[in-house]
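The values are calculated or read from the model by the stated rules, or taken from the named source; none is laboratory data. Because the structure is a prediction, the values reported are computed rather than measured. Positions of Cβ are backbone-derived with ideal geometry, glycine not excepted, and every protein chain shown enters the neighbour counts. SASA here: full protein model, heavy atoms, side chains in, ligands and nucleic acids out. Shrake-Rupley method; radii C 1.70, N 1.55, O 1.52, S 1.80 Å.
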Amino acid sequence: MAENGSSTLVETAVERSALRMVNIEKYFGLVSALKHINLEVGRNEIVGLIGDNGAGKSTMVKILTGVFPPTRGELYVAGRRVDLKTYNVKQAHAYGIETVYQDKSLGEKQVLWRNFFIGREITLLFGFINVKKEKEIANEIMVNTIGFRGRGITVDSTVSKLSGGERQGVAIGRAMHFEAELIILDEPTVALSLKEVRKVLNFVHKIKEGGKACIYISHDIQDVYEISDRFVIMDRGEIVASIAKEDISLKALDDFLLEYAHGMKDKEAS
């Protein structure tokens, strides 16, 4: 009976999660890139993923998005166990994992409504694109989902007319529209002005308001601290800490990260 009870608790935990990684490891030959990764992201939770260059963040994202297969471990998305043997980028989208990168998330010369539906076009009979429907939905996303208020910007505007922050807002809105279980933001504010960074952070708040889960990756600790509910810290391929925002101040988080960067934690361990 105890075993059945324990199994039920595990299943319930998985169902509550937008994402669950269990003992994920990744090796490139004999080189270990990820070790014993156990990560859970709750529905309607924003997790700030923090770590120095080489910590393993990019490798983790590539596993989640189907670019790399893990060497071993289990992956669950919205309670569904993923078959990692056949998992790929297309299946990641089907499971509801959407990624917004620091650049190249949108087609520069394409109009906005086309960008929303690239690869997922709404078609009429005989396969023709339903332009009217796509424009209506794109406008709904821009105005109501992400609160887009850019002057002179419509669904017929080309991406090249948008500022950096507005482009990220469009990419985030697109991810939210396609019923994403998890939205991964990979350094979305790199090379943006302070004004544009503020736009992106406002769009990130919309993700939580929309009931979505999010992994936010950035080297700007102040931004990560503002929008995250919890911080997951990685170091040399391992998760070394998971800290709720309510349990740590911005300064304490910064000091904690500096200790790893300067090798202080290694000295403590020895």
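Is it true that some residue in segment 131-141 is outside any helix (DSSP H, G or I), touching a residue at least 12 places away in the same chain (Cβ under 8 Å) and open to solvent by 10 Å² or more (accessible area, probe 1.4 Å)? I'd like the intermediate steps shown before the answer.
Looking only at segment 131-141, we keep the residues that are outside any helix (DSSP H, G or I), and these are none.
Checked segment 131-141: no residue is outside any helix (DSSP H, G or I), touching a residue at least 12 places away in the same chain (Cβ under 8 Å) and open to solvent by 10 Å² or more (accessible area, probe 1.4 Å).
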Based on what the data block shows, is residue 121 part of a helix (DSSP H, G or I) and modelled with pLDDT of 85 or more? no
In segment 142-155, which residues are assigned to a loop (DSSP other than H, G, I, E, B) and over 15 Å from residue 106 (Cβ atoms)? 147, 149, 151, 152, 154
Qualifying positions in segment 76-95 - surrounded by 16 or more Cβ atoms within 10 Å (Cβ to Cβ), assigned to a loop (DSSP other than H, G, I, E, B) and on the phi < 0 side of the Ramachandran plot: 82, 84, 87
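Going by what's in this entry, would residue 129 be described as among the hydrophobic types (A, V, I, L, M, F, W, C) and within 16 Å of residue 179 (Cα to Cα)? If you could, list the steps in order and put the result at the bottom.
Values: among the hydrophobic types (A, V, I, L, M, F, W, C): yes; within 16 Å of residue 179 (Cα to Cα): no.
Spelling it out, it is not the case that residue 129 is among the hydrophobic types (A, V, I, L, M, F, W, C) and within 16 Å of residue 179 (Cα to Cα).
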Tell me, which helices (runs of 4 or more DSSP H) wholly within segment 166-270 include 3 or more residues that are open to solvent by 20 Å² or more (accessible area, probe 1.4 Å), over 23 Å from residue 43 (Cβ atoms) and of a type outside the set (S, T, N, Q)? 194-209, 250-261, 264-269
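For (1) more than 13 Å from the chain's Cα centre (by Cα); (2) more than 18 Å from residue 239 (Cα to Cα); (3) outside any strand (DSSP E or B); (4) without any contact (Cβ under 8 Å) to a residue 24 or more places away in the chain, each residue gets a yes or a no:
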residue: 34; (1), (2), (3), (4): yes, no, no, no
residue: 38; (1), (2), (3), (4): yes, no, no, no
residue: 41; (1), (2), (3), (4): no, no, no, no
residue: 49; (1), (2), (3), (4): no, no, no, no
residue: 59; (1), (2), (3), (4): yes, no, yes, no
residue: 62; (1), (2), (3), (4): no, no, yes, yes
residue: 66; (1), (2), (3), (4): yes, yes, yes, no
residue: 69; (1), (2), (3), (4): yes, yes, yes, yes
residue: 74; (1), (2), (3), (4): yes, no, no, no
Got a sec? Which of 215, 221, 243, 227 is under 16 Å from residue 61 (Cα atoms) and among the aliphatic types (A, V, I, L, M)? 215
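If you check 108, 40, 25, which single one turns out to be open to solvent by 30 Å² or more (accessible area, probe 1.4 Å) and at pLDDT 95 or above?
Matching residue, one of 108, 40, 25: 40.
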